[in-house]
Amino acid sequence: MKIAIFTDTFIPEVNGVARTLKRFTDYLEENKIEYRVFAPKSSNKNIFTTHVHSITSFPFFLYPECRVALPNLLQLRDEIQRFNPDIIHVATPFNMGLSGLHLAKKLAIPVVGSYHTDFDKYLTYYELHFLSEMLWKYMRWFHHPFRKVFVPSSDTLNRLKSRGFSNLSIWPRGIDRTIFHPHYDEQTVRNVYQIEEKYILTYVGRIAMEKDVLLLPEIANMLPNNIKNDVHWLIVGDGPLKKDLGKMAPPNMTLTGFVEGINLANIYAASDVFVFPSPSETFGNVVLESLACGTPVIGANAGGVKTIIQNGITGILCTEKDITEFVHAITSLLSREQTRKVMSENGKKYAQVQSWDTIFNNLLLEYEEALEIESFQELA
């Protein structure tokens, strides 16, 4: 099978979509499956390979990690015809996605798509909610021709189904078990960030409005004194609100900047609780990473996060934006060591069976089904 992927974000950009697609292309290379990626040229260092075609672009104002490409359709058509893919996978709904959809229709190539980001939720945070109905109308039009639309969680599937989407199928996320595991030295993290407090609470993710990160200083300040003085917060990530968050952060809150790989896994493993207030996730990769490293999660009871956390078993779900609930959950878990240990074991068992190989194998089977749908329709 030959696969062409059209996406508006790819490495070296740092976001869940780019990372997932990179893992997928790594899997394709390992299994000697031919592919081509058509993606915007990043503002950062680009990775040039024969498999990745970079297109001139500029950042999207709502989500800078997604870039708006300026594709030359004639050149893209030539590239696609030379490659002659069996299937086109459109991963994003912007210019590259539109280009992939256009070429699939013009060249009669079966096309599937994936839905990664709830842009509708983002509109509320950026005071653009009046565009919501227009956005949903566009998204329905854009995804309608796809033989299959892959979504990362059952919550997203139900949300899209209620909006009139069809041909939906769940494509979950996995864990790199060679990196995300609990076998790290906690003292290393304590030394790097000069932590002397008894407990470490951690957040990992984009520092942006839609993640509700500005709730974290409020949560930290509302903790009871006997807990507050024993806690050190690590806020891992970067984004447009980093400066604002830094101004609000109490003395026991460290903003680490971007961390990845083994160093990130070490932070997860050294933490006592992972706190994730974001209500806008279609999945929540960082939640799964934390569980794999043996750290229970306190998260918002919203989006894909609520499909990962088993409430009371691997973590605690709180009403989104409810600071009091988050404070109570943190206080409760930190004061109950045995409960944290049980949740840690449950989380590890759950996360460590979420294998990328199994997930990508299933995706290829879904591709095969999509090709059969196309063949059946031609015969009809």
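Taken as a whole, region 268-284 holds no residue that is without any contact (Cβ under 8 Å) to a residue 40 or more places away in the chain and of a type in the set (A, V, I, L, M, F, W, C). Of the residues making up region 66-96, those that are of a type in the set (A, V, I, L, M, F, W, C), under 27 Å from the mean Cα position of the chain (by Cα) and open to solvent by less than 70 Å² (accessible area, probe 1.4 Å) are C66, V68, A69, I87, I88, V90, A91, F94, M96.
Selection of helices (runs of 4 or more DSSP H) fully inside region 200-275 by the criterion of at least 3 residues being open to solvent by 60 Å² or more (accessible area, probe 1.4 Å) and either on the phi < 0 side of the Ramachandran plot or out of contact with any Asp or Glu (no Cβ under 6 Å at 6 or more places or on another chain) (or both) returns 215-222, 242-248. Any residue at all in region 245-255 that's of a type outside the set (A, V, I, L, M, F, W, C) and under 20 Å from the mean Cα position of the chain (by Cα)? Checked against the condition, which is being of a type outside the set (A, V, I, L, M, F, W, C) and under 20 Å from the mean Cα position of the chain (by Cα), region 245-255 yields no hits at all. Pairing each residue of region 1-16 that is under 18 Å from L103 (Cα atoms) and crowded, with 22+ Cβ neighbours inside 10 Å with any residue that is modelled with pLDDT under 85 and hydroxyl-bearing (S, T, Y), provided the two are 6+ apart or on different chains, yields C-beta distances under 9 Å for D8/S57.
Of all the numbered requirements in (1) open to solvent by less than 50 Å² (accessible area, probe 1.4 Å); (2) more than 21 Å from H89 (Cβ to Cβ); (3) at pLDDT below 95, V353 misses one, and that requirement is (1). Within region 169-188, restricting attention to residues that are crowded, with 18+ Cβ neighbours inside 10 Å and in contact with a strand residue (DSSP E or B) (Cβ under 6 Å, 6 or more places away or on another chain), the residue that is modelled with the lowest pLDDT is G174. Pairs meeting the criteria (first residue in region 317-344 and without any contact (Cβ under 8 Å) to a residue 60 or more places away in the chain, second residue open to solvent by 30 Å² or more (accessible area, probe 1.4 Å) and among the hydroxyl-bearing types (S, T, Y), beta carbons under 6 Å, at least 6 apart or on different chains) are E325/T319. Counting only helices (runs of 4 or more DSSP H) that fall entirely inside region 295-373 and contain at least 2 residues that are farther than 16 Å from F283 by Cα, the qualifying elements are 323-334, 337-351. Has region 367-378 got at least one residue that is in contact with a helix residue (DSSP H, G or I) (Cβ under 6 Å, 6 or more places away or on another chain) and either small (G, A, S) or surrounded by fewer than 18 Cβ atoms within 10 Å (Cβ to Cβ) (or both)? No, every residue in region 367-378 fails to be in contact with a helix residue (DSSP H, G or I) (Cβ under 6 Å, 6 or more places away or on another chain) and either small (G, A, S) or surrounded by fewer than 18 Cβ atoms within 10 Å (Cβ to Cβ) (or both).
Among the candidates S162, S132, the residue that is modelled with pLDDT under 95, among the small types (G, A, S) and surrounded by fewer than 20 Cβ atoms within 10 Å (Cβ to Cβ) is uniquely S132. Comparison of L334, L363 shows that the only residue that is closer than 21 Å to L215 by Cβ and surrounded by 13 or more Cβ atoms within 10 Å (Cβ to Cβ) is L334. Cβ-Cβ contacts under 6 Å between residues 6 or more apart (or on different chains), taken from a first residue in region 232-249 that is under 21 Å from I195 (Cβ atoms) to a second residue that is among the charged types (D, E, K, R) and modelled with pLDDT of 95 or more, are listed as H232/E197. Within region 157-170, residues that are under 15 Å from R147 (Cα atoms) reach no partner that is in a strand (DSSP E or B) and open to solvent by 60 Å² or more (accessible area, probe 1.4 Å) with beta carbons closer than 7 Å at six or more positions or on different chains. Is it true that A39 is assigned to a strand (DSSP E or B), at pLDDT below 95 and either in contact with an Asp or Glu (Cβ under 6 Å, 6 or more places away or on another chain) or surrounded by 15 or more Cβ atoms within 10 Å (Cβ to Cβ) (or both)? Against the criterion (assigned to a strand (DSSP E or B), at pLDDT below 95 and either in contact with an Asp or Glu (Cβ under 6 Å, 6 or more places away or on another chain) or surrounded by 15 or more Cβ atoms within 10 Å (Cβ to Cβ) (or both)), A39 qualifies.
Scanning region 303-316 for residues that are touching a residue at least 60 places away in the same chain (Cβ under 8 Å) and surrounded by fewer than 23 Cβ atoms within 10 Å (Cβ to Cβ) yields K306, T307.
The values are calculated or read from the model by the stated rules, or taken from the named source; none is laboratory data. What you see is a predicted model, and the numbers here were worked out from it, not measured in a lab. Positions of Cβ are generated from backbone atoms using ideal geometry, with glycine treated the same way; all protein chains shown enter the neighbour counts. These accessible areas exclude ligands, DNA and RNA; they are computed on the full protein's heavy atoms, side chains included. Shrake-Rupley method; radii C 1.70, N 1.55, O 1.52, S 1.80 Å.
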